[in-house]
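The values are calculated or read from the model by the stated rules, or taken from the named source; none is laboratory data. The structure displayed is predicted, hence computed values, not measured ones. Glycine also receives a Cβ, built like all others from the backbone with ideal geometry; neighbour counts cover every protein chain displayed.
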Amino acid sequence: MIRKWTVRGLLLMAVMVVTLGCNPLAASLFLLNGTDSKTPAEYPLEAKDKRSEIKVLVLCHYPGNIPEEFIGVERMLAMQFSNALQTFGAAEKMVIATVPASKLEKYQNDTPDWQTKHPTELGRRFEADYVIDLHIKSMSLYEYGSRHLYRGRTLIGVEAYKVGEEVELDPGYTSEYTCEYPEGHTPDASDMPPSKFRAAFLKRIATDLSWKFVPHTTSARFHRD
């Protein structure tokens, strides 16, 4: 009988290691708690009522000189971040909609002074409930002193505003996000084109940033890693 339960326990552990990204710590947490634990959002997006859609305007800026490999990264990151918000929000039964990039770009093209407007003013223009403003302060793709090894690094300022009838000058949430990707093995640049590594790097950034606003599970974190 003891051997039978030992075998069952080992099989269960094996299943959990596979399910939770081959991470023994995640498997242990699951077995101890009996559930996949959840990390709350730092600044949770809240609907007006449980059935309401949460509409978010995502802004992304990269002031200064943009490295050649990151031309157009503002649009790419905004799209990845919007997708991550919707995906992880849906897992929590949250209905999150983001202002389409095409609508924002048309407004920017038609409004030369749009950058002088406060984020909450822009949010009201698009009938958004929240504005999330991402300021890319630095971003690089390669290991220091090498163009042959990939090591993504970034520093991003994050501000979030809840849109109301009055202009709120101060954001409801601010933080600085840093990322070094990947954390362990440094990929050889000859093994994949820069565009492929950049896409994976931006997806990691977008996922991390979305978790500032929607909850996420332990298994999601270890699948990400």
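Report whether or not H118 is modelled with pLDDT of 95 or more, out of contact with any Lys or Arg (no Cβ under 6 Å at 6 or more places or on another chain) and surrounded by fewer than 21 Cβ atoms within 10 Å (Cβ to Cβ). Outline the logic, then answer.
Working: modelled with pLDDT of 95 or more: no; out of contact with any Lys or Arg (no Cβ under 6 Å at 6 or more places or on another chain): yes; surrounded by fewer than 21 Cβ atoms within 10 Å (Cβ to Cβ): yes.
So H118 fails the test.
Is it the case that segment 171-182 has a residue that's β-branched (V, I, T) and in contact with an Asp or Glu (Cβ under 8 Å, 6 or more places away or on another chain)? Give the steps one after another, and end with the answer.
Restricting attention to segment 171-182, the residues satisfying the condition of being β-branched (V, I, T) are 174, 178.
Among the residues that remain, those that are also in contact with an Asp or Glu (Cβ under 8 Å, 6 or more places away or on another chain) are: 174.
Yes, the conditions are met somewhere in segment 171-182.
Among the residues of segment 146-174, count how many are farther than 21 Å from P67 by Cβ and not hydrophobic (A, V, I, L, M, F, W, C).
Residues in segment 146-174 being farther than 21 Å from P67 by Cβ and not hydrophobic (A, V, I, L, M, F, W, C): 12 in total.
Give, as residue ranges, the helices (runs of 4 or more DSSP H) completely inside segment 71-166 that count at least 1 residues that are in contact with a strand residue (DSSP E or B) (Cβ under 7 Å, 6 or more places away or on another chain) and closer than 30 Å to P187 by Cα.
On the way: elements: 73-91, 101-110, 119-125.
Fully inside segment 71-166 and qualifying: 73-91.
Is it true that some residue in segment 46-53 is among the polar types (S, T, N, Q) and closer than 26 Å to T154 by Cβ? Show your work before the answer.
Our first condition is that a residue be among the polar types (S, T, N, Q); within segment 46-53, this holds for 52.
Imposing the further condition that a residue be closer than 26 Å to T154 by Cβ reduces the set to none.
Checked segment 46-53: no residue is among the polar types (S, T, N, Q) and closer than 26 Å to T154 by Cβ.
Only residues in segment 113-130 that are within 16 Å of G172 (Cα to Cα) count as the first member; pair them with residues that are among the basic types (K, R), Cβ under 6 angstrom, at least 6 apart or cross-chain, and list the lot.
A128/K55; D129/K55; Y130/K162
Within segment 195-222, which residues are at pLDDT below 95 and either within 24 Å of Y142 (Cα to Cα) or part of a helix (DSSP H, G or I) (or both)?
T218, S219, A220, R221, F222
If you check A84, A128, which single one turns out to be aliphatic (A, V, I, L, M) and either out of contact with any helix residue (DSSP H, G or I) (no Cβ under 7 Å at 6 or more places or on another chain) or at pLDDT below 95 (or both)? I'd like the intermediate steps shown before the answer.
Values: A84 fails: either out of contact with any helix residue (DSSP H, G or I) (no Cβ under 7 Å at 6 or more places or on another chain) or at pLDDT below 95 (or both).
Checking each option against the conditions leaves just A128.
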